[in-house]
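Quick one: the structure is below, questions incoming.
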Amino acid sequence: MSCLCVLIFLLLLLHPVNLRFMNHRVPSNCRYQPTEYEHAANCATHALWIIPSILGSSMLHVLSDNQWETISAWIYGFGLTGLFIVSTIFHTISWKKRHLRVVEHCLHMFDRMVIYFFIAASYAPWLNLRELGPWASHMRWLIWIMASVGTIYVFFFHERYKLVELVCYVIMGFFPAVVVLSMPNTDGLSELMAGGVFYCLGTVFFKSDGRIPFAHAIWHLFVATGAGIHYYAIWRYLYRPDTLEGKTSR
Ligand SMILES: [Zn+2]
């Protein structure tokens, strides 16, 4: 049913009337230039989530009842809110101040770097608050090494090998999941997988600028939906007071 809805939505988007909302596709070594409509949608689809992510992170902070929960709430909150803030600033500068080439370029790199830290921050509460096996517990620091390597990669090779960039995100997204899926306590794993499906489906749109109108804004919506599902899982299974018995303190 949901697949059918997505298909109908895509067909409506690809109707010739809607093609005026996008520009032509560019060669892989160039950057796609969104139309004014697409710029506005790119900004709105992430700006909308800044306040909810701040409120949601504060809620986790309030619900924390030990040191590790507080630390994890801070890390997750910074990752979640940082993603939406950096993305909104980048897309706004890219739309309204595109003559500031150097600033825009730096913000674009920053926008890509923050994705690695967002992925690491999304896993952090699960890795920090759930019981893990001896080898699996190394993932607690390994994800930050991976995020740092991704950041260095963006610094040196930004926009040069776009497919490699996408593969790096997918590896970073899936690798810690191997550990999380092997946790003795499986509460919340179905939500984690559902969120992951949204991120994966979203990458189709991430790579469809100039093919599908508003492709990047749709990617943003998939990211926001995935993040929303993951937030719900973290709130429900790791922080909510009436599931205290499901919590595992370190
Ligand atoms: Zn974006």
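Read the figures in this text as sums done on the coordinates, not as results from a lab. Treat the numbers as computed from the prediction; the structure is a model and nothing was measured. Here the Cβ positions follow ideal geometry from the backbone for every residue, glycine too, while neighbour counts run over all protein chains shown.
Compute for the stretch 156-212: radius of gyration divided by Kirkwood radius, i.e. Rg/Rh, restricted to C-alpha atoms, rounded to two decimals.
Using Cα coordinates only, the ratio equals 1.09.
First select every other residue whose beta carbon is under 12 angstrom from the beta carbon of ALA217; then total the charges, Lys and Arg +1, Asp and Glu -1.
-2
In the stretch 112-186, if every C-alpha pair distance is counted and binned at 10 Å from zero, what percent goes to each bin?
Histogram of Cα-Cα distances, whole percents per bin: 20, 49, 23, 8, 0.
Also: Can you list the aspartates and glutamates whose alpha carbon sits under 13 Å from that of LYS96, skipping same-chain ones fewer than 8 residues off?
GLU36, GLU38, GLU104
Could you give the spread of the C-alpha atoms of the stretch 115-235 along their three principal axes, from largest to smallest, in whole angstroms?
Dimensions of the stretch 115-235 along the principal axes of its Cα atoms: 45, 31, 17 Å.
Just to check I understand the Karplus step: with θ = phi - 60° and J = 6.51 cos²θ - 1.76 cosθ + 1.60, what whole-Hz values come out for the stretch 34-49, glycine and proline as x?
My calculation for the stretch 34-49 gives x, 6, 4, 4, 5, 4, 4, 5, 4, 5, 5, 5, 10, 4, 4, 9 Hz in order.
The stretch 89-137: which chymotrypsin sites (Phe, Trp or Tyr not before Pro) are DSSP loop and have at most 10 other beta-carbon atoms within 10 angstrom?
Filter output for the stretch 89-137: TRP135.
Which number comes out as Rg/Rh for the chain once both Rg and the Kirkwood Rh are worked out on C-alpha atoms?
For the chain, the value is 0.98.
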